[in-house]
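The values are calculated or read from the model by the stated rules, or taken from the named source; none is laboratory data. Being a predicted model, the structure only gives us computed values, none of them experimental. All Cβ positions, glycine included, derive from the backbone under ideal geometry; neighbour counts span all protein chains shown.
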Amino acid sequence: MNKEAFLIDLEKLCAAQGIPGFEGPVAEVLRGCFQRKAIETRIDKIGNLVAHLPGKGPRVLLVAHMDEPGYLVRKILPDGFLQLERVGGAAWNALPGQHVLIGTENGAIPGVVGMTPPHIAAGNSPADLGRLFVDIGVRSQALAQSLGVEIGSPMTCKPVFQVFHERVAAKSLDDRAGCALLVHLAEELAGTELPCDLYLAFVVQEENLLVGAQPVAYDLQPDWILGIDATLTYDTPDLGNVYSDLSLGKGPAIKIMDHIRGRGQGFISHGGLRKHLERLAEQENIPLQREIATGISTAAAPLPFVQAGFPVAALSFPLRYSHSPAEVADLEDLAQALDLIKAAVRTPWNG
Ligand SMILES: [Zn+2]
């Protein structure tokens with residue numbers, strides 16, 4: 001992987017605002033990336049962006065999601081403060097004191113999420129989303145509205161992109177790092193002869209009930225599908241690898257199973273396709289963790305059950321502090337994920 005070029009694209013992708021239903025800015029960045037190599041893209045009726053790299057062999061669909069969890073303005077108070085509703089599993093407990101951006105027709109409006117100063121707060125009581133409020137520096141509801149803020153305006157944290165020694169911290173690495181991997185896969189493969197007919201889908205509304213990817217699978221009828229998304233790690237002092245050994249810096253993870261209890265959402269990778277990927281990782285000397293995680297799901301989850309069904313597996317990159325404004329990923333994990341995806345395209349599974 002050309003890490004420098006990858007980081008430039010990743011920063012642009014993470015900076016774009018794209019909560020479920022508002023992914024347009026992310027699609028625009030992606031379209032610009034694909035134009036560099038004149039790779040054909042199209043956007044379907046619900047906003048999914050699909051890139052095509054023609055080749056001879058099985059039809060292969062790789063999927064990453066464009067959206068990020070975030071917030072909608074649900075109420076504008078008479079004194080100009082904004083109240084919020086959550087979209088997807090955004091970490092609202094990380095909001096107090098954050099700089100945020102509210103999307104409007106006139107561009108993004110900056111604001112901050114208010115909090116009671118520690119001088120006044122009786123203790124460190126946890127935040128309650130219903131009581132959080134955003135201050136955009138205006139004195140009245142009418143002024144807020146004149147800036148273009150309305151009920152339903154999307155809000156995300158202000159992007160901060162920090163490259164550490166071997167790692168990167170940003171909002172929405174889930175799943176913009178997956179998007180950036182597919183962009184750089186296409187950059188490396190463009191103009192080469194492919195042993196498969198390759199489609200790259202950047203889908204909407206994963207964070208909202210995982211619905212976005214289904215029309216793409218229905219439309220393309222691929223022979224198999226691989227989803228690329230973030231997974232949780234358990235290697236921090238608060239979690240201590242008690243539930244799982246999934247860690248940052250130990251390579252990408254092949255998803256065995258995930259599940260969100262109580263929501264009826266879950267995914268199990270297709271056994272044959274998963275074993276093919278595991279064999280490729282071994283041949284290519286790519287370290288591969290095995291992922292069993294609860295509390296998460298992924299855009300690929302409903303795809304085995306579209307129409308007559310498709311073989312689907314999921315490859316994950318480990319991510320700390322998921323859905324917070326400061327997610328952390330490891331650049332070597334991402335480079336190794338790209339190597340494995342490349343191997344899967346060059347030696348496609350034939351069922
Ligand atoms: Zn994700």
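Things worth noting here:
- Ala127 satisfies every condition listed in (1) at pLDDT 95 or above; (2) assigned to a loop (DSSP other than H, G, I, E, B) except (1).
- For Gly178, the requirement of being outside any helix (DSSP H, G or I) and in contact with a strand residue (DSSP E or B) (Cβ under 6 Å, 6 or more places away or on another chain) is not met.
- Residue count for segment 67-84, restricted to those that are farther than 13 Å from Arg131 by Cβ and charged (D, E, K, R): 3.
- From Ser316, Ser297, residue being under 19 Å from Gly88 (Cβ atoms), in the same structural domain as Asn208 (by TED's automatic domain parsing) and modelled with pLDDT of 95 or more: Ser316
- Every condition in (1) in contact with a strand residue (DSSP E or B) (Cβ under 9 Å, 6 or more places away or on another chain); (2) in contact (Cβ under 8 Å) with a residue 12 or more places away in the chain; (3) on the phi < 0 side of the Ramachandran plot; (4) outside the structural domain of Gln265 (by TED's automatic domain parsing) is met by Gly137 except one, and the failing one is (3).
- In segment 319-351, residue nearest to the chain's Cα centre (by Cα) [restricted to those that are on the phi > 0 side of the Ramachandran plot and in the same structural domain as Ala230 (by TED's automatic domain parsing)]: His323
- Exactly one residue out of Gly107, Gly70 is surrounded by 14 or more Cβ atoms within 10 Å (Cβ to Cβ) and either closer than 17 Å to Glu23 by Cα or free of Cβ contacts under 8 Å to residues at least 24 places away in the same chain (or both), and it is Gly70.
- Matching residues in segment 162-175 - criterion: being in a loop (DSSP other than H, G, I, E, B) and not polar (S, T, N, Q): Phe164, His165, Glu166, Lys171
- Residue match in segment 150-173 (condition: touching a residue at least 60 places away in the same chain (Cβ under 8 Å), within 16 Å of the ligand (Cβ to nearest atom) and among the basic types (Lys, Arg)): yes
- Set Pro348, Pro325: member being more than 30 Å from Thr192 (Cβ to Cβ), touching a Cys at 6+ places or on another chain (Cβ under 7 Å), in contact (Cβ under 8 Å) with a residue 24 or more places away in the chain and in a loop (DSSP other than H, G, I, E, B): Pro325
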